[in-house]
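Heads up: the structure comes next, in structure tokens.
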Amino acid sequence: MKIKILNNVETDSAEVDKYPDHCPFCHKSILPILITAIYHNPQSHRTTLQTVFQCPSKDCSKVFISYYIRSDLHRNYYYLYETMFGNFKPPLFNETIKTISEDYCKIYTESYASEQLGLKQVSGVGYRKSLEFLIKDYLIKIKGIDENTIKNKYLGKCINEDINNEKIKNVAKRAAWLGNDETHYFRKWEDKDITNLKDLIRLTVNWIEDETLTEKYKTDMPEQ
Ligand SMILES: [Zn+2]
């Protein structure tokens, strides 16, 4: 794709590999409108291209900057490497999980925000904390286990001793293993990362929601 450059130095246009495909503000999948482009550090070896785009969505239409870096082989060819941060994309929660653990939703949202800022070390610790609130609130509110017992118990022990549903236990246990890797000095699961931790937390939430909703319908509609 050819892009016309505003402060042309050697040529008045450059070739880029692609346009950004997501708006950093509304987070929709888009084909952005090109507004203008400007060279940065045009005299240096590592010239970058700062490109201004507009989101085509009528509800959004915000302007944002994407950064391109010059190819080593072709002086006039640029690769997209970064788009500016717009705003946080909030995670979505079902009503069931909001009712079970408001704290889980709050902590998960903060962790998700920090991850979007690139603070992966901190967000991993946050996800681990959100898991603890999720499991403990589930055991207290849904399973009716005494609050003081659960509060003072290690998360791993709560999962092993107090969760009866094997589907929840299987995924929650593994989420806790990876969660501990985020907080400890030594990493046990070297080939797993924050994406796997989030997958396991999502599965834990799904099984908890399934169980809670099934029980609700069984109570609401008893067999005749
Ligand atoms: Zn947008």
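Worth pointing out:
- Cβ-derived FRET efficiency at R0 25 Å, E209 paired with F186, nearest 0.05: 0.15
- Remark on region 1-101: Rg and Dmax equal 17.2, 61 Å (Cα only).
- Modelled label positions at K98 and N164, each set 7 Å beyond Cα in the direction of Cβ, lie 3.0 nm from each other.
- Taking all Cα pairs closer than 8 Å and separated by 6 or more residues, the relative contact order of the chain comes to 12 percent.
- Accessible area per residue in Å² at 1.4 Å probe, computed on the chain: 62 Å²
- Split the accessible area of region 58-141 by element, probe 1.4 Å, and carbon with sulfur accounts for 55%.
- For the cross-link pairs K2/K89; K98/K169; K167/K192, the ones whose C-alpha atoms lie over 25 Å apart are K2/K89.
- Judged by a Cβ-Cβ distance under 4.7 Å, the unpaired cysteines of the chain are C105, C158.
- Calculated log₁₀ intensity ratio I(q)/I(0) where the Debye formula runs over C-alpha points of the chain, q = 0.10 Å⁻¹: -0.64
- Mean-position separation - Cα centroids, region 32-52 and region 68-106, in angstrom: 22 Å
- Count Lys and Arg as plus one, Asp and Glu as minus one, and take only other residues whose Cβ is under 15 Å from that of P222; the net charge is then -1.
- Based on alpha-carbon atoms, the Kirkwood radius and the radius of gyration of region 94-211 give Rg/Rh equal to 0.95.
- Local electrostatic count at Q50 - Lys and Arg +1, Asp and Glu -1, tallied over other residues with Cβ under 15 Å: +2
- For the chain, the dipole from Cβ point charges (+1 on Lys and Arg, -1 on Asp and Glu) about the Cα centre works out to 380 debye, to the nearest 20.
- Shape of region 82-149, Cα gyration tensor, a/c cut at 1.5: oblate
- Among the GluC sites (Glu not before Pro) within region 175-224, those in coil by DSSP and having at most 15 neighbouring Cβ atoms inside 10 Å are E190, E223.
- Length-normalised contact order for region 110-224 - Cα pairs under 8 Å, 6+ apart - percent: 25 percent
The values are calculated or read from the model by the stated rules, or taken from the named source; none is laboratory data. Small disclaimer: the values here were computed from a predicted structure and weren't measured. Please note: Cβ atoms are built from the backbone with ideal geometry, for glycine as well, and neighbour counts cover all protein chains shown. Quick note on the areas: whole protein, heavy atoms, side chains included, nothing else; ligands and nucleic acids left out. Shrake-Rupley method; radii C 1.70, N 1.55, O 1.52, S 1.80 Å.
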